[in-house]
Amino acid sequence: GEAGTGRLRMAVQKKGRLADETFDLLKRCGLSLSQSKNRLYARVQEMPIDILLVRDDDIPALVAGGASDLGIVGGNVFEEERAGGRLGSRVPLVKPLGFSKCRLCIALPKEDTYSQPADLGGMRIATSYPALTEDWLEREGVKGATTVVMNGAHEIAPRLGVADAVCDIVSTGGTLDANGLKVAETIYRSEALLIGGPLEGEAKKVADALQLRIEGVQRSRD
Ligand code: PRP
Ligand code: MG
Ligand code: ZN
């Protein structure tokens, strides 16, 4: 926990779809936040927990580096940071939370024919998940494909001529469809994860109490 205060730190996404569902989970856990959303943290009233409001991409490293005790982050982001070698040797424990489910998919223009991974040979693939994409291409033995890192708007990359395919998150499929793309392969199935620990002493007690509340919410959803 934060030195001297005895409060546990948990990093969550500041805004976005994962953030909406994370705040919903905390509310269902009976936790209220003393927050103004433009601040960098909020205090949980009912438990000694401070919520750090950050970009989701930063959460795995904040937890692995010990700046935050816990984090809630999409498996897509966590696995990309790990595959990219950015978590060092202290990889946190992981507990699946069952929400924010989505797929990481390689997608192609609708008019392209696709039957197998070898068809991606030599292609440039626009993505913000280069490590997961390159690992998959290597496992499948795809020859000569490369990644082009983009931080957003991947779906227009083929029309702009900067890539032949994209590897991006698909939830409803609406974004792909609106951009004339179709799924070729699902390379990773993602959901929100609680990451952090192993913890000791008072920090472990608070984390265990939080996990009990989360498990209660999960049971009431089943
Ligand atoms: C994600 C993803 C896609 C889109 C897919 O972006 O990058 O662009 O959602 O969702 P759909 O299948 O329901 O259309 P998001 O809005 O999370 O923003 P980001 O990529 O900037 O993080
Ligand atoms: Mg993001
Ligand atoms: Zn996108």
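The values are calculated or read from the model by the stated rules, or taken from the named source; none is laboratory data. Note that the structure is predicted; figures quoted are calculated from it, not measured. Cβ coordinates were reconstructed from backbone atoms using ideal geometry, including for glycine residues, and neighbour counts include every protein chain displayed. For accessibility, only protein heavy atoms count, side chains too; no ligands or nucleic acids. Shrake-Rupley method; radii C 1.70, N 1.55, O 1.52, S 1.80 Å.
Restricting attention to the range 144-186, which residues are away from ligand 3 (no atom under 13 Å from the Cβ) and either polar (S, T, N, Q) or touching a Ser or Thr at 6+ places or on another chain (Cβ under 7 Å) (or both)?
The answer is THR146, THR147, THR186.
Under the condition of being in contact with a strand residue (DSSP E or B) (Cβ under 9 Å, 6 or more places away or on another chain) and in a loop (DSSP other than H, G, I, E, B), which residue from the range 49-75 is farthest from ligand 3 (Cβ to nearest atom)?
Top of the filtered list is ASP69.
If a residue has to be open to solvent by 60 Å² or more (accessible area, probe 1.4 Å) and of a type outside the set (Lys, Arg) to count, how many in the range 89-101 make the cut?
Step one: of the range 89-101, the residues open to solvent by 60 Å² or more (accessible area, probe 1.4 Å) are 89-90, 93-94, 96, 101.
Keeping just the survivors that are of a type outside the set (Lys, Arg) gives 89, 93-94, 96.
Here the count works out to 4.
Does the range 97-106 include one or more residues that are within 20 Å of PRO158 (Cα to Cα) and more than 12 Å from the chain's Cα centre (by Cα)?
Within the range 97-106, one or more residues are within 20 Å of PRO158 (Cα to Cα) and more than 12 Å from the chain's Cα centre (by Cα).
Would you pick out the residues in the range 45-72 that are under 16 Å from LEU212 (Cα atoms) and either outside the structural domain of LYS205 (by TED's automatic domain parsing) or among the hydrophobic types (A, V, I, L, M, F, W, C) (or both)?
MET47, ILE49, LEU70, ILE72
Filter the range 47-72 down to the residues that are open to solvent by 50 Å² or more (accessible area, probe 1.4 Å) and small (Gly, Ala, Ser) and list them by number.
Passing the criteria: only GLY65.
Suppose we filter the range 151-166 for residues that are within 16 Å of ligand 2 (Cβ to nearest atom), in contact with a helix residue (DSSP H, G or I) (Cβ under 8 Å, 6 or more places away or on another chain) and aliphatic (A, V, I, L, M); how many remain? Walk me through how you get there before you give the answer.
Looking only at the range 151-166, we keep the residues that are within 16 Å of ligand 2 (Cβ to nearest atom), and these are 151-155, 166.
Filter once more, so that each one left must be in contact with a helix residue (DSSP H, G or I) (Cβ under 8 Å, 6 or more places away or on another chain): 155, 166.
Now drop any that are not aliphatic (A, V, I, L, M), which leaves 166.
The number of residues fulfilling the criteria is 1.
Taking into account only those residues within the range 22-46 that are of a type in the set (Gly, Ala, Ser) and at pLDDT below 95, which is least open to solvent (accessible area, probe 1.4 Å)?
ALA42
Out of the residues in the range 117-155 meeting the condition of being closer than 19 Å to LYS182 by Cβ and either modelled with pLDDT under 95 or hydroxyl-bearing (Ser, Thr, Tyr) (or both), tell me which one is nearest to the chain's Cα centre (by Cα).
TYR129
For the structure I just gave you, tell me whether ALA145 is small (Gly, Ala, Ser), open to solvent by less than 60 Å² (accessible area, probe 1.4 Å) and within 16 Å of ligand 1 (Cβ to nearest atom). Full working, then the answer.
Values: small (Gly, Ala, Ser): yes; open to solvent by less than 60 Å² (accessible area, probe 1.4 Å): yes; within 16 Å of ligand 1 (Cβ to nearest atom): no.
Judged against the criteria, ALA145 is not a match.
Suppose we filter GLU202, GLU191 for residues that are open to solvent by 30 Å² or more (accessible area, probe 1.4 Å) and under 19 Å from the mean Cα position of the chain (by Cα); which single one remains?
On the way: GLU202 fails: under 19 Å from the mean Cα position of the chain (by Cα).
The conditions single out GLU191.
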